[in-house]
1. Where only protein heavy atoms count, and the probe is 1.4 Å, what is the accessible area per residue for the stretch 1-75 in Å²?
2. What is the dipole size for the stretch 22-94, taken about its Cα centre, with +1 at each Lys and Arg Cβ and -1 at each Asp and Glu Cβ, in debye to the nearest 20?
3. Return the FRET efficiency for the residue pair Glu119, Val88: r is the Cβ-Cβ distance, R0 is 22 Å, and the value is rounded to the nearest 0.05.
4. With r defined as the distance between the Cβ atoms of Leu71 and Leu16 and R0 fixed at 30 Å, what FRET efficiency is calculated, to the nearest 0.05?
5. How large is the accessible surface of Arg74 in square angstrom, using a 1.4 angstrom probe and rounding to the nearest 10?
Amino acid sequence: MISYPSRQCTVELQALPSRIGQVRRILSAQLRYWHLDPLIDRAALGVTELLTNVHRHAQPDKMCTVEIELLLDRLTVSVRDHDPQLPVVEDAAELSTRGRGLAMIAAMSESWGARRDGESGKVVWFTLPAAGSTAERAPTPDLRVVDVEAVGVGVEVERAPA
C-alpha cells in the first residue's frame, strides 16, 4: 500500500496587523521548504485576508490558529478563531475599500469554506492545487454551496473545473 504523508505547520497568534506580516513570512518559508514556491503569493494573499477578517470581526478576542497542510496534491490553509459567527460574502460597493476578501479568496483558490468549531469558534479555509505533485488529482466537483441556515454547520464552496 502506498501512503501519502501529510505535511503540516501550525502557528498560534493574536491577529494584529504586525503579526499578520510575520505569519506571511512563516508561511512563505514553509512553502519554500516544501518546494511549493509557485503557491506562495496566493497562499500569502489568502491567509492575509483571513487574518484581517479575524482582526476586524472576531469576538471575544483576536486569538487564532493558522494551519497549513499539504496532503497529496492539495495545500489547505485554515484559520481557526473563537468567534462562532460564520463569514458572509458581501457584494461590495464599487468604490468600497472593504468587503471583497472572501470573494477574492473564492476567485484565487480551488475551494474554500467555513464551519463552526465547537460551540465557540469557527474555521475558515481555502485550498490550492499543489504544483508539481506526482499524485493523481481527483476531479473537482461543480460549484457547491451548503446552505448555512438549513444545515447549521457551515458553508463550503468549490469552483467548477475550468
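The values are calculated or read from the model by the stated rules, or taken from the named source; none is laboratory data. Values in this document were obtained by computation on a predicted structure and should not be read as measured data. Heads up, the Cβs are rebuilt from the backbone with ideal geometry, glycines too, and the neighbour counts pull from every protein chain shown. Remember, those area values only see protein heavy atoms, side chains included, never the ligands or the DNA or RNA. Shrake-Rupley method; radii C 1.70, N 1.55, O 1.52, S 1.80 Å.
1. Working: 4350 Å² over 75 residues.
That works out to 58 Å² for each residue.
2. Numbers: 8 positive and 12 negative charges, 74 e Å.
The dipole of the stretch 22-94 has a size of about 360 debye.
3. Values: r = 20 Å, r/R0 = 0.91.
E(calc), rounded to 0.05, equals 0.65.
4. Values: r = 30 Å, r/R0 = 0.99.
Given R0 = 30 Å and the Cβ-Cβ separation, E is 0.50.
5. 70
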